[in-house]
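The values are calculated or read from the model by the stated rules, or taken from the named source; none is laboratory data. As the structure is a prediction and not an experimental result, all values here were calculated from the model. Note that we place each Cβ from the backbone using ideal geometry, even for glycine, and neighbour counts take in every protein chain shown.
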Amino acid sequence: MRNFEYWNPTRLFFGRGETDRVGQECRKYGERVLLAYGGGSIKKTGLYDRIVRRLQEAGCSVTELSGIQPNPRLSKVREGVEICRREKVEVVLAVGGGSVIDTAKIVAAGVCYDGDPWDFFTGKSVPERKLPLGTVLTLAATGSEMNRNAVITNDETQEKLVVKNPVLFPDFSILDPENTFTVPKDHTVYGIVDMMAHVFEQYFHPVPETPLQDRLAESIMKTIIEYTPRVLENPKDYDARATIMWCGTLALNHLIEAGLTGDWATHRMELELSGVYDIPHGAGLAILFPQWMEYVLPLIPKKFAQFAERVWDIPRGNRSDEDLGKAGIERTRQWFREIGAPTRLREVGIGEERLEEMAERVAKRGPIGSVKVLTKEDILTIYRRSL
Ligand code: NZQ
Ligand code: ZN
């Protein structure tokens with residue numbers, strides 16, 4: 001196990017009815033609130049009215065940043081920063097999924113920075129402060145509600161990049177599973193793939209002797225596998241939605257990565273796909289992950305054998321680690337198909353055309369992967385095998 005520092009300052013309020021605290025929690029940080037949300041699902045579900053009412057009852061005034069798209073854009077971030085400055089906003093409140101929360105994070109940090117917020121993504125600058133930030137999560141997926149990451153797409157260059165900085169932890173997040181009852185089946189599935197992929201990124205790594213981290217990761221994976229059919233069959237099953245929601249948060253709040261170095265190459269390869277082709281992040285991950293797994297299997301066969309045995313309950317028989325690992329990977333691909341995720345690039349309309357250009361861009365941005373540092377050729381091979 002490696003040395004580590006673990007710090008997570010986000011205060012969570014989890015459970016039925018917790019949404020109603022939103023006014024009083026925001027008011028602790030200020031009076032003038034920016035309410036950030038997406039394309040309108042919160043208006044259809046009634047959540048918008050409930051939140052505005054609670055904010056007003058707590059004495060807050062509300063300004064809005066609406067229309068944040070999935071794979072959120074830099075232009076929307078810039079618009080948000082301008083609104084905050086003009087309206088002298090004191091608190092940012094994100095109500096939505098990862099796209100809304102990530103936009104709100106960079107708006108909150110961008111207000112406290114004189115330059116362009118894209119500087120945080122190119123490494124020209126680092127966020128040093130942000131406005132207080134609260135979130136009301138409506139889709140279980142990214143873990144953004146309790147982590148220090150944000151992912152934004154530059155509309156002009158189609159670059160989709162991540163910034164990771166402790167300044168970006170939300171100050172508080174409200175996780176009320178009932179707010180996820182209305183997530184449609186496709187986005188429920190993409191969210192589930194995403195959280196599973198986050199665990200994969202931190203489970204398959206080269207650091208020896210991380211037994212507790214392994215068991216924590218395995219328990220999240222097994223729980224996701226067990227509860228996925230329940231949320232798909234009955235989207236209003238409270239305990240199933242609550243369990244999946246908590247899995248999504250724990251999958252990427254830095255806990256299971258303590259003491260090891262996650263791989264994250266598949267995420268880097270996927271962000272290029274969803275940046276250029278605007279596909280859902282979870283769809284790209286379901287396609288790429290089994291291919292990456294097969295590519296690196298010979299480097300850590302024991303870990304893949306452990307995955308097959310402990311997560312998928314595949315009996316070893318007289319198989320080698322590598323053969324057993326292969327069976328685990330095949331089972332993973334089959335599970336993605338069973339729950340309705342794509343497993344081929346062609347299924348989401350991506351062909352050979354830009355694969356080389358994308359592999360080049362990903363490789364150029366610096367070393368990717370801890371199990372294996374992938375070269376441009378490696379990335380291109382994985383993309384091509386995913387076609
Ligand atoms: O925009 P609205 O109308 O609200 O509809 C959204 C959107 O169309 C809908 N939705 C959300 N909650 C709903 C709902 N529809 C009905 N009822 C509800 N309760 O779902 C659609 C997708 O929303 P989005 O926020 O895009 O999904 P997700 O949470 O999966 O976020 C994906 C984004 O996060 C990034 C991804 O790359 C992608 O850009 N990621 C962020 C990470 C982070 N900050 O840590 C890590 C991840 O690896 C990921 O890269
Ligand atoms: Zn992800």
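Summary of computed values
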| read-out | value |
| --- | --- |
| Matching residues in the range 68-102 - criterion: being out of contact with any Phe, Trp or Tyr (no Cβ under 9 Å at 6 or more places or on another chain), under 11 Å from Ile152 (Cα atoms) and more than 16 Å from ligand 2 (Cβ to nearest atom) | Gln69, Arg73, Ser75, Lys76 |
| Test: residue in the range 239-249 that is in contact with a Gly (Cβ under 8 Å, 6 or more places away or on another chain) and away from ligand 1 (no atom under 15 Å from the Cβ) | no |
| Qualifying positions in the range 85-108 - farther than 26 Å from Glu18 by Cβ and part of a helix (DSSP H, G or I) | Arg85, Arg86, Glu87 |
| The range 271-285 - residue that is within 11 Å of ligand 2 (Cβ to nearest atom) and more than 12 Å from the chain's Cα centre (by Cα) and, of those, farthest from Ala141 (Cα to Cα) | Ser274 |
| Within the range 128-147, considering residues that are near ligand 1 (Cβ under 9 Å from one of its atoms) and among the small types (Gly, Ala, Ser), the one nearest to Ala36 (Cα to Cα) | Ser144 |
| Selection within the range 219-252 - outside any loop (DSSP other than H, G, I, E, B), surrounded by fewer than 17 Cβ atoms within 10 Å (Cβ to Cβ) and among the charged types (D, E, K, R) | Lys222, Glu226, Arg230, Glu233, Asp239 |
| Search result, residues across the range 262-289 that are of a type outside the set (Asp, Glu), near ligand 1 (Cβ under 9 Å from one of its atoms) and under 15 Å from Arg354 (Cβ atoms) | Leu271, Ser274, Gly275, Gly284 |
| Where a residue in the range 206-221 is under 25 Å from Trp335 (Cβ atoms) and its partner, wherever it lies, is assigned to a helix (DSSP H, G or I) and hydrophobic (A, V, I, L, M, F, W, C), with Cβ under 6 Å and at least six apart | Ala217/Val199; Glu218/Val311; Ile220/Val199; Ile220/Cys247; Ile220/Leu250; Ile220/Ala251; Met221/Val199; Met221/Val311 |
| Residue ID - farthest from ligand 2 (Cβ to nearest atom), chosen from residues in the range 1-52 that are of a type in the set (Ser, Thr, Tyr) and under 23 Å from Pro166 (Cβ atoms) | Tyr29 |
| Filter result for the condition that a residue is in the same structural domain as Arg21 (by TED's automatic domain parsing), within 16 Å of ligand 2 (Cβ to nearest atom) and either closer than 23 Å to Gly275 by Cβ or surrounded by fewer than 20 Cβ atoms within 10 Å (Cβ to Cβ) (or both), over Thr157, Thr153 | Thr153 |
| Number of the exception - Ile314 against (1) closer than 20 Å to Gly369 by Cα; (2) without any contact (Cβ under 8 Å) to a residue 24 or more places away in the chain | (1) |
| The one condition in (1) touching a residue at least 40 places away in the same chain (Cβ under 8 Å); (2) not in a loop (DSSP other than H, G, I, E, B) that Glu309 fails to fulfil | (1) |
| Qualifying residues in the range 54-70 (those that are assigned to a loop (DSSP other than H, G, I, E, B) and surrounded by fewer than 18 Cβ atoms within 10 Å (Cβ to Cβ)) - the one farthest from ligand 1 (Cβ to nearest atom) | Gly59 |
| Sole exception among (1) crowded, with 20+ Cβ neighbours inside 10 Å; (2) in the same structural domain as Glu18 (by TED's automatic domain parsing); (3) in contact with a Leu (Cβ under 8 Å, 6 or more places away or on another chain); (4) in contact (Cβ under 8 Å) with a residue 60 or more places away in the chain for Phe169, by number | (3) |
| Close pairs (9 angstrom Cβ cut-off, 6 or more residues apart or separate chains): at positive phi in the range 78-99, polar (S, T, N, Q) and assigned to a loop (DSSP other than H, G, I, E, B) anywhere | Gly96/Thr138 |
| Test: residue in the range 294-301 that is of a type in the set (Val, Ile, Thr) and closer than 24 Å to Leu216 by Cα | yes |
| Matching residues in the range 21-45 - criterion: being more than 17 Å from Val91 (Cα to Cα) and either surrounded by fewer than 19 Cβ atoms within 10 Å (Cβ to Cβ) or of a type in the set (Lys, Arg) (or both) | Gly39, Gly40, Lys43, Lys44, Thr45 |
| When residues of the range 253-270 are limited to those that are out of contact with any Ser or Thr (no Cβ under 7 Å at 6 or more places or on another chain) and not in a helix (DSSP H, G or I), the one farthest from ligand 2 (Cβ to nearest atom) | Ala258 |
| So Ile51, is it within 16 Å of ligand 1 (Cβ to nearest atom), under 17 Å from Leu133 (Cβ atoms), of a type outside the set (S, T, N, Q) and not in a strand (DSSP E or B) | yes |
